[in-house]
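The values are calculated or read from the model by the stated rules, or taken from the named source; none is laboratory data. The structure displayed is predicted, hence computed values, not measured ones. Methodologically, a virtual Cβ is constructed for each residue, glycine included, from the backbone with ideal geometry; neighbour enumeration extends over all protein chains shown.
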């Protein structure tokens with residue numbers, strides 16, 4: 001029955017029309033007294049509306065065998081016919097009712113409203129009504145005798161501390177807090193009952209079940225006085241991908257496929273998103289929507305793709321006086337050329353002042369898709385050395401160095417705070433040198449390399465740890481017998497490498513960096529495998545490759561501060577704060593190395609290098625990812641490089657298009 005408040009101030013025009021029968025009833029069929037038909041949304045006293053009502057009445061009378069003795073059902077047919085005719089006649093807001101379908105309210109002087117409707121029925125004892133009825137005046141004061149709770153719908157999630165037993169224990173503990181004992185039932189109102197369900201929901205949410213909900217279904221409490229609590233864990237139903245253009249949607253959805261049918265946990269969804277974010281050229285976010293079935297949640301993955309091809313151009317002075325002090329670089333990255341998360345990278349490095357070295361690289365990687373984080377990589381690198389200027393020009397020293405590799409890599413743990421990756425590669429490397437058409441060396445090795453890397457976010461002490469381990473072993477030495485460069489090298493060498501970086505955040509604008517890199521071996525190595533000391537990634541107070549040793553280590557301590565004194569001030573670059581654009585640094589570097597063969601020109605088998613310096617980093621992420629870095633350092637050990645100033649400066653500049 002429709003109930004309408006007839007308030008004149010609302011501007012509703014009502015037509016009260018008495019539809020009279022043409023003749024008195026002539027049969028003994030039970031009839032209903034002729035009612036008034038009330039119409040809203042029409043002009044008051046409209047003749048057109050009167051005609052519509054009369055026509056509807058005649059139609060029903062005709063259908064009733066011309067009998068004007070209409071029952072309740074026939075009068076409802078009249079009203080339905082009136083409503084249909086009003087809509088066709090151009091009265092979209094009009095509606096007709098029988099007078100007994102409308103409640104009349106009178107506004108009392110005190111402001112209270114009296115309704116001429118039946119009062120709500122009294123709440124039944126021991127009945128937990130639907131949620132919509134629990135907040136009524138009658139429901140608010142109702143109490144139910146409860147001797148305990150029964151929790152249903154809980155899955156087995158032991159790692160998260162969520163099991164049927166643990167949730168039942170939680171409900172029992174909440175019941176005890178409300179005064180319930182085994183001896184006598186507790187009289188609880190709806191709010192107290194709901195608090196127990198809320199406690200279960202809260203436990204789920206803290207365990208990472210972000211949509212799980214415990215609720216009190218409508219029920220009649222039995223003689224055992226046990227109240228049932230149901231849990232909807234929010235199991236994943238459909239997985240839908242939106243926004244994918246170059247990528248196949250199933251590639252984006254693949255990391256989440258194993259979650260289908262499982263209770264939705266934040267950690268699992270985050271892991272799936274992290275695997276997707278490792279895909280080149282795309283970022284992925286997620287949202288949720290109710291599933292088709294009760295208790296299901298659909299996962300919506302929204303992909304935002306970048307341009308498939310990017311070009312990075314740069315210049316630096318990371319060369320040497322022999323190979324060329326300055327270098328121009330160009331790198332092209334083609335993201336997802338097949339739409340499956342693959343990547344093709346091509347790079348070229350051109351040295352000048354003097355021009356005596358050219359370097360090129362080609363790398364292609366592709367994921368397996370079905371196993372998140374597992375992929376295959378293959379590539380090649382080649383550099384050409386030709387000394388045609390300087391003191392060695394007369395010797396016409398030249399020769400290529402090349403490297404071919406292929407392998408598999410697997411990020412087997414990928415959480416927000418922890419990731420671990422391992423890889424296995426087969427490498428063929430070759431380096432040869434000739435002088436005046438005389439072969440100085442032709443070194444060729446097949447090498448196997450096993451890598452492990454880890455990244456860990458230390459939320460307790462506000463830091464970031466990065467660790468890398470690698471073991472390289474020569475499987476086959478195909479070098480030429482005559483080797484004037486490394487005549488005593490070990491053919492089946494084994495090398496272990498270790499790298500560690502700790503970034504300690506000291507507030508919002510300061511960081512402390514600790515770096516360590518080293519390698520250890522008991523074998524005499526060729527230059528391709530030796531530890532490099534000196535350069536922008538080593539002791540910065542010395543030129544690149546100032547020393548090559550079989551084993552050694554490098555360590556550095558750096559202090560970074562973002563835009564000191566004006567970190568939070570807006571910059572002229574899109575208003576970004578200066579702390580996002582400019583960093584200053586001070587650093588100390590130290591390295592130590594030694595040769596396994598025991599030979600050293602100065603008779604000392606161990607060498608040490610140290611230096612200190614200052615630097616700056618300037619970046620514009622929103623303008624072609626501009627990066628400019630400048631470091632200057634001086635030696636601290638009194639050692640001087642012949643023909644060089646004490647101050648060593650390294651700089652680089654990059655733009656990405």
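Couple of notes before you dig in:
- When 173, 183, 199 are screened for being touching a helix residue (DSSP H, G or I) at 6+ places or on another chain (Cβ under 8 Å), outside the structural domain of residue 283 (by TED's automatic domain parsing) and not in a strand (DSSP E or B), only 199 passes.
- Exactly one residue out of 339, 281, 314 is in contact (Cβ under 8 Å) with a residue 40 or more places away in the chain, over 27 Å from residue 238 (Cβ atoms) and either over 12 Å from the mean Cα position of the chain (by Cα) or outside the structural domain of residue 536 (by TED's automatic domain parsing) (or both): that is 314.
- Condition met for residue 225 (in contact (Cβ under 8 Å) with a residue 60 or more places away in the chain and either under 30 Å from residue 282 (Cα atoms) or in the same structural domain as residue 285 (by TED's automatic domain parsing) (or both)): no
- Contacts under 6 angstrom Cβ, first residue in the range 531-547 being outside the structural domain of residue 587 (by TED's automatic domain parsing) and at positive phi, partner surrounded by 20 or more Cβ atoms within 10 Å (Cβ to Cβ) and at pLDDT 95 or above, 6 or more apart: none
- Members of the range 228-264 that are crowded, with 17+ Cβ neighbours inside 10 Å and assigned to a helix (DSSP H, G or I): 251, 252, 253, 254, 255, 256, 259
- The single condition among (1) assigned to a helix (DSSP H, G or I); (2) closer than 17 Å to residue 375 by Cβ that residue 280 does not meet is (1).
Here is a yes/no grid of residues against (1) buried (at least 17 other Cβ atoms within 10 Å of the Cβ); (2) under 22 Å from residue 320 (Cβ atoms); (3) modelled with pLDDT under 95:
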| position | (1), (2), (3) |
| --- | --- |
| 374 | no, no, no |
| 388 | no, yes, yes |
| 392 | no, yes, yes |
| 412 | no, no, no |
| 443 | yes, yes, yes |
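- Any hit, the range 486-494, residues being farther than 27 Å from residue 359 by Cβ and in a strand (DSSP E or B): yes
- Some residue of the range 211-221 being modelled with pLDDT under 95, loosely packed, with under 13 Cβ neighbours inside 10 Å and part of a strand (DSSP E or B): yes
- Total residues in the range 302-344, condition more than 26 Å from residue 364 (Cβ to Cβ) and modelled with pLDDT of 95 or more: 2
- Count - residues of the range 451-463 that are surrounded by fewer than 16 Cβ atoms within 10 Å (Cβ to Cβ) and either free of Cβ contacts under 8 Å to residues at least 12 places away in the same chain or farther than 22 Å from residue 410 by Cβ (or both): 5
- Qualifying position, being in a loop (DSSP other than H, G, I, E, B) and modelled with pLDDT of 80 or more, among 154, 150, 117: 154
- The number of residues in the range 284-310 that are surrounded by 15 or more Cβ atoms within 10 Å (Cβ to Cβ), more than 16 Å from the chain's Cα centre (by Cα) and within 16 Å of residue 242 (Cα to Cα) comes to 1.
- A single entry from 518, 507 fulfils the requirement of being free of Cβ contacts under 8 Å to residues at least 12 places away in the same chain and in the same structural domain as residue 441 (by TED's automatic domain parsing): 507.
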